[in-house]
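The values are calculated or read from the model by the stated rules, or taken from the named source; none is laboratory data. Note that the structure is a prediction, hence the values are computed from the model and not measured. Heads up, the Cβs are rebuilt from the backbone with ideal geometry, glycines too, and the neighbour counts pull from every protein chain shown. Protein only, heavy atoms only, side chains kept; ligands, DNA and RNA dropped before computing areas. Shrake-Rupley method; radii C 1.70, N 1.55, O 1.52, S 1.80 Å.
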Amino acid sequence: MISKARDFWYPLFLFLLLVLLSSTVLPGHTATTDNGDATTEVQDPAKIGNGKSGSGDKEVVDKTSKPRKERRKKLLDEADAVNKNAGKTMPSEAEKDADPSLRKEEENDEEAGFDVLEEGRTMPGFSEDKEGNTIAPTYKTPRDSKKPVVALVLGGGGGRGSAHVGVLKELKKNNIHFDMVVGTSIGSIVGGFLCAGVPVEDIEKMFLDTSLMKHFMTVPLGVRVVASPVMVLPRVFGRHPYDGLYYGNKFRKYLETHLPDDNKNIEDCKIKLAAVVVDLIYGKVHALTSGNVAYAMQASSAVPGLRKPVQIGKNIYCDGAAAENLPVDQARKLGADIVIAVNIDERYPPVTLDYYRKMGSVSKRMVTLQLHNMDQRLAEKADVVIHPDTDGIGLLSTDAGDAKRGIENGEKAAQEAMSKIKEVLKAKGIETN
């Protein structure tokens, strides 16, 4: 019963989210994605208020109340601030020596730490606009220009993430190294553990004993859905938590207990990590490249409607899968020369008419189609794509058999792609032994 409820509600949550994100634009703004970047075009002020319309034929009278005018102006100012701060690059050591203020700013960031829920604190490497809102810039990875940067991209997919483990085992066996891991949702979790120095065998155990996915939802989804009316009671008494069925704090604590004590922050990781999230304030995709690893994992896997979003400073983030489930674009923005992407989506084979007589079958099928189309476009930008067979493994599966099959199929897919991987690396001057 619980399994059926899980299969029905999760696809419905994700499908509604994808529909909303694909059709919603902030008032006064136009979202564009010509080059993979989410940009914001601000309407000409002359076309708003008591000015003339663009055609010059009719006068447009603004009947908006003063508070709403002020709110609109604030939104436009915030958009300007984001555009001005986008695309910053990390200063080099030479630049820091030439300008001591840059080094002082870096020291202040390190001292500030990464505090998700405390007001007035800014995540390291982030800045604030004139209104005090946190701005997350996109950083390029500092590197030796002579050595190509290799990025491993791990896509989202919940319980199908066991396939990532199989891929990692095979890459390790073939001595394939990478400079950064860019992950979305379960990809950020597997990647976060790997970058922090957790052995692949330990990550594998978390899937096989099903502890990872069980901690993702501390209470079965069916029980939580039934109890959801009770969760409205705090709002009656004036408490208004963020939207979502689960807080995710117990899951974060589970992640923290499995991270090495000396690698709790992204900056301390043995391999560079980028956890991909969606900024719900500005509607943009960001890669978290500094701060607490467990909080970054929690934010990147905060499935809208299912888990409450995570607040960082004055911004709020949710699962990056809603916009970039296979974060190849983010890897390129971070300076990757070679991208090896692992796509764990189900394939989209034809099904019979009777398939759609099952409860939740249409929403589940549409989620599969949405992810397939989104990730196919992104996969084309990678140098190598590894696509394990994850058909039939549920996004919220807590079945040990599913985990074992995912790992085995991940190993098989990586083996099949190994000659291509070595060929691409060799062409860039990287030898593997």
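Key figures
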| quantity | calculated |
| --- | --- |
| Some residue of the range 346-357 being open to solvent by 10 Å² or more (accessible area, probe 1.4 Å) and within 21 Å of the chain's Cα centre (by Cα) | yes |
| Residue match in the range 337-353 (condition: of a type outside the set (Lys, Arg) and part of a helix (DSSP H, G or I)) | yes |
| Long-range neighbours under 9 Å by Cβ, at least six apart or interchain, first residue without any contact (Cβ under 8 Å) to a residue 40 or more places away in the chain within the range 188-204, second open to solvent by 10 Å² or more (accessible area, probe 1.4 Å) and in a loop (DSSP other than H, G, I, E, B) | Ile203/His258 |
| Candidate set from the range 328-345 (those that are of a type in the set (Asp, Glu) and out of contact with any Ser or Thr (no Cβ under 8 Å at 6 or more places or on another chain)); member that is surrounded by the fewest Cβ atoms within 10 Å (Cβ to Cβ) | Asp337 |
| Number of the exception - Val236 against (1) open to solvent by 60 Å² or more (accessible area, probe 1.4 Å); (2) of a type outside the set (Ser, Thr, Tyr); (3) at pLDDT 95 or above | (3) |
| Residues of the range 353-383 that turn out to be in contact with a Gly (Cβ under 7 Å, 6 or more places away or on another chain) and more than 21 Å from Val153 (Cα to Cα), as a count | 0 |
| Flag if Val310 is surrounded by fewer than 20 Cβ atoms within 10 Å (Cβ to Cβ), more than 30 Å from Lys426 (Cα to Cα) and of a type in the set (Val, Ile, Thr) | no |
| Candidate set: the range 382-423, residues that are assigned to a loop (DSSP other than H, G, I, E, B) and within 19 Å of Val181 (Cα to Cα); chosen: the one nearest to the chain's Cα centre (by Cα) | Ala382 |
| Residue ID - nearest to Asp319 (Cα to Cα), chosen from residues in the range 265-305 that are open to solvent by 60 Å² or more (accessible area, probe 1.4 Å) and basic (Lys, Arg) | Lys272 |
| Residues (at pLDDT 95 or above, outside any helix (DSSP H, G or I), within 18 Å of Ile430 (Cα to Cα) and not β-branched (Val, Ile, Thr)) located in the range 140-172 | Ala151, Leu152 |
